[in-house]
Amino acid sequence: MRKFIVRRVAYLILTYWAFITILFLIFRVTPGDPTTLYIPEGMSQAERQATLERYGLTDPLYVQYVDYLRMLLSGDLGTSYRYNAPVWDVLTTKFWNTIFLMAGAMTIAYTFGIAFGAYIGWLRGTAKEKYGMVLALIARSSPEFWIGIVLLSIFVFQLGWFPWGGIREIGAEAPASFFDRYVNWGFVYHLVLPVLTGAIYYMAQPILLMRSSMISVLNTDYIEIKKAEGLSNYTILYKHAARNSILPMVTVVALVAGLSVGGSLVIETVFSWPGMGREMVESVHHNDYPMAQGAFFLMGSVVIFMNFIADIAYAFLDPRVRYE
Amino acid sequence: MSTNQSTITTATESARNSVATAYSKSRSILEGERLAQFGVIVLAVFIFAGLFAPFIVPHDPGKINHGEDGDVLRLAEPTAEHPFGTTHLGRDVMSQVMMGAQVSLIVGLTAAAIATVVGTSVALVAGYYGGKIDNILMRLVDIAYGLPFLPFVIALVFIFGSSLYNIILVISLLMWRSSARVIRSEVLTQKERPYVQSARAAGASDFRIMFRHILPNVLPLVVLYLTFGVAWAVIYEASIAFLGFGDPDMYSWGTILYEAYINGAIRYAWWWVIPPGVSIMLFVMSVFFIGRSLEKVTNPDLRHN
Amino acid sequence: MLEISDLEVRYDTEHGEVHAVNGLSVDLAENETLGLVGESGCGKTTTAKSLIRLLESNCTIAGGSVELDGRDLTDLSLKELKREVRWSEISMIPQNAMNGFDPVYTVGEQIVEVVQAHESDTSKGEARERARELFEKLGIDGDRIDDYPHQFSGGMAQRAMVALALALDPKVILADEPTTALDVVIQDRLLDVIQDLQDEMDVAMLLITHDMSVVSERCDNIAVMYGGRIVEYADAETIIKSPRHPYTLGLRNSFPDITEDSQDLISIPGAPPTLVDPDEMCQFAPRCPFAEEECWEVAPEPVEYGDGHRVECHRADEVEYLRSEAEKHETWTELESTETDDELTETEVKND
């Protein structure tokens, strides 16, 4: 087990290094003159030169690369042009806004998805299973922005039950403390539709996966032996069938949780949710490169970290992997 | 030597047979499935629209239409003349949606094809050679999995320019990772089969074993990933376009929704919003329905009852 | 002790009703080992599973009775069956033991689970102690109860499976091809261990196999199954040395090591019947080199030939003729020429 974890940590470091390098390459080694990306329009030649020097963009590439690594390691993501503030400061709040949104969506999606998927897997071959499948496939076929638009037009523009977007009442000041910001009804009220959008979109996968996983497990010899042992349906379904079916899910939960950070771009744009995803879109539209890079860096970090968690969790749950 | 040769022929034949049976199985399963039939019909309609859109659109999608009084037909409700109404600039929504089918088809098919070819090749090489090569390639897959999809795609599309070509390339640049991972594990099991050993004993080259012997046996899985790849590529293209990074010269369903969204059409112009949205949904759904039936060919467990 | 009479098991399929078990009767005495032999698809496994009603949803027991010590198991509710019969009275060993254990729990945990499910007053410690003892009886280190199934070798896993099957001291063990996944030496050793334990713990065993050589050595009695019925039943020696049914003769031909005199393997051409709404006839007639008009029209009744030797064949009386003819290769190959093209190719492949 220790050997396994050590190896996984080594992979993690390798992947992370590769990610950071790709990030560097994307934002520095672009076709044409990369420096234009870093220079807001309308600067004089002298200002331009000063800015370039300030960001170290006149140095040779490898020096820039080393500086860049040093900056990231010390937690410095640079300064946003648009906010004229350190990227890290702007992103902290937005980071948590995104995490709350996606964590909420993923929790609902996977709790309901796994339970529902196990249920229709158990009912294989029935009409109920078929309808469940069709529903799941419809949800899976709808991009997040389309689900969001449908929910918006029904619950906001038709029924008027929920606000059209944002994270708190328009014009309201953001409370200073972390606790006050997230633990209040206004936040939950604004959270409902975006979370629901994500939940519907991400629910399809656990349903389909849990169902097919369940069906494979139900066909195994050991389930037959457990039946022959005279164990109750309940024990067989939950202690043996679901436990084994859930194994592949664990990896997927973590993987998708990571991926969903990227999906937040769309949901946050539809609901004007002030999170990392929307910030990334806006900063790309506004040429705010340090900001885009910072948001990308944070999102990638979440993805890689979740992938790592997925590997480790799988090993803990499946003894076969542990002893490999 | 002659025995070896005959084993090889049998191996290749069995591979060919497995493709043939998979094909006939797919056909017979598809015949029994109403959902898949629905998928095939809907897809046929989209393919028809995609192929002939430029010739059969009722209006030029970019033309600003005028009413009888000579005013621009802004946000006109659906009429016989404009079955899906018009946009805020007086453009015909139906014509734009029909042109959108073309974009989805091009992006879906090309991106999925590139991603599957790359993914399958990586899978064959990694699974067949194993050891160091496998390890290196799988770390590459890990790295690809470490990149958040949409942010990565958007950053690249923005830097290289929002052309359809770039969008396709960038989508395939990340999408190969899933087929590589899954097909590799299938290659690992195929590698141990006797037909591979006898082919090797007969002196077949690695390349030949991989592509002539193993590939036909993992083909059903490849086709499955190709199918799902089409669906995902269409969703990704639509998402990129919806975020405002679509090819400005093309009418993609995502672009149409992007314009409708930023102009607040959700509130008052349902005809501008529903057709592109439903089109994406129907297109992707059809592909999934077909894919789900194909899945039963590759996974007999799912065929129960 | 276990009396199966006129058992009928049917599958409801889209092609029609499959009479998988079609009026089967056989008894099993205490501590007896009964071999149930036949080709795959003859209904062996279905017979065994129907005893504890371990059947697919489209499969039902359509008639007959299964009496265990005078109690008809087909009358019990599923709940009673689970609580009072499954595993505590009748347990089973699957074909591949490695797949018989849930991979995510240790073997010990799974033995404890079934013990506690049936004996509510047995503590976990006591159950573990029992698992340990069983392991040692089977020649496995007692500490290995804390290992996961995948940590065992194939033969070891099969022993662990036997330990699990014996955990509740059942009266009958259903062993479905328990050794086919193992190599010959391990097979033999495992069967030795099982036989010793069987005597020690007084358990009867229904040994299901297609392998004549296994049953000939290990069984007290042998039931030869064809088309959902027992076509011949006798003690092991009689079945091997002086069978009367053409199918048994044919089956014997395909295992060379049983009788010294026949040298080359002769397989029975054709395939077992599908049993979809079967006609009233001898089910073996289409493949039987000795079939006469009567065989195609009337299903043979069982006839006794002393000492419990039971045969269902219209021509069982002409046994000398049948035996001498059955030894000849031509007897079986001549039949091929009358087969349809389809079956012809299949037999050709087999003979190659």
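A:SER213 meets each of the listed conditions (1) under 28 Å from the mean Cα position of the chain (by Cα); (2) within 14 Å of chain C (Cβ to nearest Cβ); (3) open to solvent by less than 10 Å² (accessible area, probe 1.4 Å) apart from (3).
Residues in segment A:284-310 that are open to solvent by less than 20 Å² (accessible area, probe 1.4 Å) and at the interface with chain B (Cβ under 8 Å from one of its Cβ atoms) were compared, and the one that is nearest to B:SER162 (Cα to Cα) is A:VAL284. For segment C:65-76, the condition of being surrounded by 19 or more Cβ atoms within 10 Å (Cβ to Cβ) and either part of a strand (DSSP E or B) or in the same structural domain as C:ASP143 (by TED's automatic domain parsing) (or both) holds for at least one residue. Could you grab me the full set of residues in segment A:59-98 that are free of Cβ contacts under 8 Å to residues at least 12 places away in the same chain and within 13 Å of A:MET276 (Cβ to Cβ)? If the condition is that a residue be free of Cβ contacts under 8 Å to residues at least 12 places away in the same chain and within 13 Å of A:MET276 (Cβ to Cβ), then A:THR92 is the only one that fits. Among the residues of segment C:103-129 satisfying the criterion of being of a type in the set (S, T, N, Q) and surrounded by fewer than 20 Cβ atoms within 10 Å (Cβ to Cβ), which is nearest to the other protein chains (Cβ to nearest Cβ)? If we take residues in segment C:103-129 being of a type in the set (S, T, N, Q) and surrounded by fewer than 20 Cβ atoms within 10 Å (Cβ to Cβ), then C:THR106 is nearest to the other protein chains (Cβ to nearest Cβ).
Against the conditions (1) surrounded by fewer than 21 Cβ atoms within 10 Å (Cβ to Cβ); (2) touching a Cys at 6+ places or on another chain (Cβ under 9 Å), C:THR238 satisfies every one except (2). Kindly check whether there is at least one residue in segment B:217-230 that is open to solvent by 10 Å² or more (accessible area, probe 1.4 Å), modelled with pLDDT under 85 and more than 17 Å from the chain's Cα centre (by Cα). Among the residues of segment B:217-230, at least one is open to solvent by 10 Å² or more (accessible area, probe 1.4 Å), modelled with pLDDT under 85 and more than 17 Å from the chain's Cα centre (by Cα), which makes the answer yes.
Is it the case that segment C:87-97 has a residue that's surrounded by fewer than 21 Cβ atoms within 10 Å (Cβ to Cβ) and outside any loop (DSSP other than H, G, I, E, B)? The answer is no, given that none of the residues of segment C:87-97 is surrounded by fewer than 21 Cβ atoms within 10 Å (Cβ to Cβ) and outside any loop (DSSP other than H, G, I, E, B). Within segment A:89-102, the presence of at least one residue that is over 30 Å from C:GLU56 (Cβ atoms) and over 20 Å from the mean Cα position of the chain (by Cα) is confirmed. The listed residues are C:ILE145, C:ILE93, and the only one of them that is facing another protein chain (nearest Cβ under 10 Å) and β-branched (Val, Ile, Thr) turns out to be C:ILE93.
Starting from residues that are open to solvent by less than 60 Å² (accessible area, probe 1.4 Å) and under 28 Å from B:TRP270 (Cα atoms), keep the ones in segment A:103-137 and report whichever is farthest from the chain's Cα centre (by Cα). The extreme case among them is A:VAL134. Each residue in segment B:36-50 was checked for being surrounded by 16 or more Cβ atoms within 10 Å (Cβ to Cβ) and not hydrophobic (A, V, I, L, M, F, W, C), and 2 of them qualify. One residue stands out among those in segment B:142-173 that are of a type in the set (S, T, N, Q) and either on the phi > 0 side of the Ramachandran plot or in a helix (DSSP H, G or I) (or both): the one that is farthest from the other protein chains (Cβ to nearest Cβ), which is B:SER172. Restricting B:ALA201, B:ALA144, B:ALA180 to residues that are of a type in the set (A, V, I, L, M) and at pLDDT below 85 narrows the list to B:ALA201. Going by the conditions given, is C:GLY100 modelled with pLDDT under 95 and facing chain A (nearest Cβ under 7 Å)? The answer is yes for C:GLY100. Looking across segment C:1-41, the residues that are on the phi > 0 side of the Ramachandran plot and within 15 Å of the chain's Cα centre (by Cα) come down to C:GLY38, C:GLY41. Whether any residue in segment A:182-201 is modelled with pLDDT of 85 or more, open to solvent by 50 Å² or more (accessible area, probe 1.4 Å) and at negative phi is what I want to check. There is at least one residue in segment A:182-201 that is modelled with pLDDT of 85 or more, open to solvent by 50 Å² or more (accessible area, probe 1.4 Å) and at negative phi. Selection of segment A:108-158 for residues being touching a helix residue (DSSP H, G or I) at 6+ places or on another chain (Cβ under 9 Å), within 10 Å of another protein chain (Cβ to nearest Cβ) and outside any helix (DSSP H, G or I) yields A:ARG124, A:THR126, A:SER142, A:PRO143. For segment C:149-170, a tally of residues being buried (at least 20 other Cβ atoms within 10 Å of the Cβ) and either in a loop (DSSP other than H, G, I, E, B) or within 11 Å of chain A (Cβ to nearest Cβ) (or both) returns 8.
Among the residues of segment B:173-212, the one identified as among the charged types (D, E, K, R) and open to solvent by less than 20 Å² (accessible area, probe 1.4 Å) is B:ARG177. For beta carbons closer than 9 Å, sequence separation of 6+ or different chains, a first residue in segment A:238-250 that is within 11 Å of A:ILE223 (Cα to Cα) and a second that is at pLDDT below 80 and open to solvent by 10 Å² or more (accessible area, probe 1.4 Å), there are no qualifying pairs.
For C:PRO269, the conditions (1) assigned to a loop (DSSP other than H, G, I, E, B); (2) under 20 Å from C:ILE230 (Cβ atoms) all hold with the exception of (2). When each of B:GLU259, B:GLU237 is tested for being within 14 Å of chain A (Cβ to nearest Cβ), under 30 Å from A:LEU135 (Cα atoms), assigned to a helix (DSSP H, G or I) and open to solvent by 60 Å² or more (accessible area, probe 1.4 Å), the lone residue that passes is B:GLU259.
The values are calculated or read from the model by the stated rules, or taken from the named source; none is laboratory data. This is a predicted model, so every value here is computed, not measured. Glycine gets a Cβ as well: all are built from the backbone with ideal geometry, and neighbour counts include every protein chain shown. Heads up: the accessible areas ignore ligands, DNA and RNA and are worked out on the full protein's heavy atoms, side chains in. Shrake-Rupley method; radii C 1.70, N 1.55, O 1.52, S 1.80 Å.
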